Amino acid sequence: MHRRALLALPFALPAFGAMAQATLSDRDRADLARAEAWLNGLQSLKARFLQIAQNGAAAEGTGWIVRPGRMRFEYDPPEPLLLVASHGQFFYFDKQLKQATTVPLSATPLGILLGENLRLSGDITVTRVERGGGLLRITLHRTGKAAEGRLTLVFGDAPFELKQWAVLDAQGQETRVSLFQPQYGARFPSLLFDFNDPRFRENLGIP
């Protein structure tokens with residue numbers, strides 16, 4: 001896979017222009033409240049994922065989310081990539097190159113998804129609410145920080161749940177991540193997310 005496409009998942013490049021806040025109808029506000037309630041009620045999630053970059057490159061793997069603040073995306077071979085969110089940071093590791101990068105969770109679009117007491121207003125600007133094909137799409141960014149990137153959350157009905165998200169970077173490159181076979185409410189070992197724990201680093205072969 002083209003590595004640049006994978007980097008679009010946690011990181012976005014600067015220089016987005018200003019984006020107008022959507023004019024919200026009563027139905028929009030009701031749907032936003034529904035999305036807020038679902039996300040804030042989410043304790044844990046494990047799912048398979050399919051990631052597709054704008055150039056068509058695809059990768060699969062297993063993802064774990066524990067709200068607030070923790071996420072792990074482990075890619076199936078031959079992709080050597082691991083993404084972990086915890087301790088207020090994104091940890092991005094290339095197993096093949098043995099290279100690790102960390103960035104603040106607050107500086108990434110996906111950090112919005114992991115926030116505690118999420119509110120799709122105020123600190124978050126909603127730029128579009130769309131419906132169609134049994135899906136609800138909500139496009140947003142941090143208020144005053146559009147340069148971080150734009151995040152679209154896609155919810156399905158029956159049951160209402162998060163099906164997909166998309167990150168759009170400043171160069172107009174979009175990466176979509178779709179979730180499959182979700183399992184909710186399980187407890188996961190803390191070591192899955194604790195990249196500051198020496199045992200975590202030993203398992204990855206990090207000096």
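No lab work stands behind these numbers, since they all come straight from the coordinates. As the structure is a prediction and not an experimental result, all values here were calculated from the model. All Cβ positions, even for glycine, are placed from backbone atoms using ideal geometry, and neighbour counts span all protein chains on display.
Brief remarks follow.
- Against the empirical 2.2 N^0.38 Å (N residues), the stretch 63-207 has a Cα radius of gyration ratio of 1.10.
- Estimated dipole of the chain in Debye, rounded to 20 [Cβ of Lys and Arg +1, of Asp and Glu -1, Cα centre]: 40 debye
- Ranking of Ser178, Ser25 by neighbouring Cβ atoms within 10 Å, starting from the fewest: Ser25, Ser178.
- Counting Lys and Arg as +1 and Asp and Glu as -1 over every other residue whose Cβ lies under 13 Å from the Cβ of Val66, the net charge comes to +3.
- Under 10 Å, Cβ to Cβ, from Tyr75 - net charge with Lys/Arg +1 and Asp/Glu -1: -3
- Candidates Leu140, Leu32, Leu97: whichever shows maximal mean-square fluctuation once the chain is modelled as a Gaussian network with Cα springs under 10 Å: Leu97
- Under 25 Å from Lys95, Cα to Cα: lysines that are on another chain or at least 8 residues apart: Lys46
- Taking the C-alpha atoms only, the angle from helix 26-41 to the longest principal axis of the chain is near 30 degrees.
- Per-selection metrics, the stretch 17-131 (Cα): Rg and Dmax in Å: 16.3, 51
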